[in-house]
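The values are calculated or read from the model by the stated rules, or taken from the named source; none is laboratory data. Treat the numbers as computed from the prediction; the structure is a model and nothing was measured. Virtual Cβ from ideal backbone geometry, glycine too; neighbours counted across all protein chains shown.
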Amino acid sequence: MASTYYYGTGRRKTAVAQVRLYAGEGAAVVNGKPAEEFFSREGDMEQALEPLRATGNEGNFMISVVVRGGGVTGQVGAVRHGIARALLESDPELRKALRKGGFLTRDPRAKERKKPGLKRARKAPQYTKR
């Protein structure tokens, strides 16, 4: 692997992705596995690589990702966010395209905590009048 790379950290729900973009042929490795093998669900890989497509950099970078925490959807979102941040580091001119696609904004939605006296975050016990 080449020694120079562009780094970006992506987050979504409880997942955190550390992304490195190397100048190269365009292979993607996630947690030591080929990306297509790691994200086996239909459409997950396309969603993760959206920032590259939006900026016209598809196939220009070798991608190395370490992702931890969360579920599959959260990890895909974290990788997508990390790739966008690393692309921004590689070329600040891409900010407008990345911002327009909404790739730089961290998705703040997460699981709401359970409240005391309730069954779940919002579900209350059944009300009985008599």
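Of all residues in the stretch 48-78 being closer than 19 Å to G24 by Cβ and of a type in the set (S, T, N, Q), which is surrounded by the fewest Cβ atoms within 10 Å (Cβ to Cβ)?
Filtering the stretch 48-78 for residues that are closer than 19 Å to G24 by Cβ and of a type in the set (S, T, N, Q), the one surrounded by the fewest Cβ atoms within 10 Å (Cβ to Cβ) comes out as N60.
Among what's in the stretch 79-130 and is assigned to a loop (DSSP other than H, G, I, E, B) and among the acidic types (D, E), pick the residue that is surrounded by the most Cβ atoms within 10 Å (Cβ to Cβ).
Top of the filtered list is D107.
What pairs can you find where one residue is in the stretch 34-61 and under 22 Å from V72 (Cα atoms), the other is aromatic (F, W, Y), and their Cβ atoms are less than 8 Å apart, with a gap of 6+ or different chains?
Pairs found: M45/F39; A48/F39; E50/F103; P51/F103; L52/F61.
Of all the strands (runs of 3 or more DSSP E) wholly in the stretch 1-73, which have at least 2 residues that are in contact with an Asp or Glu (Cβ under 8 Å, 6 or more places away or on another chain) and at pLDDT 95 or above?
6-12
Pairs needed: first member in the stretch 90-117, at pLDDT below 95; second member anywhere, among the aromatic types (F, W, Y); C-beta distance under 6 Å; at least 6 residues apart or different chains.
Correct list of pairs: S90/Y6.
Against the condition out of contact with any Pro (no Cβ under 6 Å at 6 or more places or on another chain) and closer than 19 Å to T105 by Cβ, how does P51 come out, does it pass?
In short, yes.
Quick check on the stretch 73-130: of everything there that is hydrophobic (A, V, I, L, M, F, W, C) and touching a Ser or Thr at 6+ places or on another chain (Cβ under 8 Å), which residue is nearest to Y5 (Cα to Cα)?
The qualifying residue nearest to Y5 (Cα to Cα) is L87.
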